[in-house]
1. May I ask for the net charge around B:Glu73, where only other residues with Cβ less than 9 Å from the Cβ of B:Glu73 are counted and Lys, Arg are +1 while Asp, Glu are -1?
2. Which lysines does B:Lys20 reach when only Cα atoms under 22 Å apart count, and residues fewer than 8 places away in its own chain are ignored?
3. Could you give the Stokes-Einstein D for the range A:22-86 in µm² per second, using the C-alpha Kirkwood radius, 4 °C, 1.567 mPa s?
4. For chains B and A, what's the summed buried accessible area, probe 1.4 Å, to the nearest 100 square angstrom?
5. Is there a quick way to get the dipole size of the range A:22-86? I mean about its Cα centre, with the Cβ of Lys and Arg at +1 and of Asp and Glu at -1; what is the value in debye to the nearest 20?
6. Shortest first, in nm, what separates the label point of A:Arg36 from those of the same position in the other copies (7 Å along Cα→Cβ)?
7. What number, in percent, do you get for the relative contact order of the range B:18-86 if the mean sequence gap of Cα pairs under 8 Å and at least 6 apart is divided by its residue count?
8. List the distances, in nm to one decimal, from the label point of A:Val80 to the label points of the same position in every other copy, shortest first, placing each label point 7 Å from Cα along the Cα-to-Cβ direction.
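The values are calculated or read from the model by the stated rules, or taken from the named source; none is laboratory data. Quick caveat, the model's predicted, so the values are computed rather than measured. With ideal geometry, Cβ positions are generated from the backbone for all residues, glycine too; neighbour counts draw on all protein chains shown. Remember, those area values only see protein heavy atoms, side chains included, never the ligands or the DNA or RNA. Shrake-Rupley method; radii C 1.70, N 1.55, O 1.52, S 1.80 Å.
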Number of protein chains: 2
Amino acid sequence: MGLLDYFRSTQSKGSANVAKERLQILVAHDRAARGRPSYLPKLQQEILDVIRKYVDVDMNAVSVNYEQEEAHEILELNIVLPEAGHSRL
Amino acid sequence: MGLLDYFRSTQSKGSANVAKERLQILVAHDRAARGRPSYLPKLQQEILDVIRKYVDVDMNAVSVNYEQEEAHEILELNIVLPEAGHSRL
């Protein structure tokens with residue numbers, strides 16, 4: 001199963017009864033050189049800044065997950081967006 | 001299975017023999033209001049610009065997948081990074 005299929009299968013569950021705007025961002029980094037510092041925590045803030053150009057993001061509505069394991073790192077951002085009327089576009 | 005587990009399982013395959021730097025970014029948007037224009041294609045360029053602050057990204061090494069289906073959109077960026085020596089950090 002491809003990643004897009006996986007995403008689609010998890011997202012379609014329950015979306016019929018809860019019509020919320022949601023944005024989920026995943027950044028996965030496979031590192032060849034393990035000793036170097038990670039830039040994902042910094043990326044996290046910058047990606048949020050970019051998203052805020054398009055929609056209002058309440059920082060209380062952002063949940064962040066960061067995992068590091070040997071040469072793999074994963075950053076996950078889950079954002080519940082305000083309703084459509086508050087879009088900046 | 002959680003998304004992080006899924007990510008981990010796909011990423012660990014084959015990583016022992018090919019030690020490449022890789023960055024995978026997924027943005028999934030659940031839209032409550034279907035009629036509005038999508039900003040994911042614009043986000044794509046801006047996220048790439050942010051990443052380029054940290055690492056050299058050869059545009060030929062970026063593959064982009066964008067899917068839209070009813071109220072779900074998924075943007076996927078797969079980037080093969082240059083070797084560690086070329087990092088901007």
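1. Working: positive: B:Arg31; negative: B:Asp30, B:Glu67, B:Glu69.
Counting the neighbours of B:Glu73, the net charge comes to -2.
2. B:Lys20 reaches A:Lys42, B:Lys53.
3. Working: Rh = 12.9 Å.
Rounded to a whole number, D works out at 101 µm²/s.
4. Separately minus together, B and A give about 4700 Å² buried.
5. Numbers: 7 positive and 11 negative charges, 46 e Å.
Roughly 220 debye, rounded to the nearest 20.
6. 3.8
7. On the way: 89 pairs, mean separation 34.7, N = 69.
Relative contact order here is 50 percent.
8. Going from nearest to farthest copy, the values are 4.2 nm.
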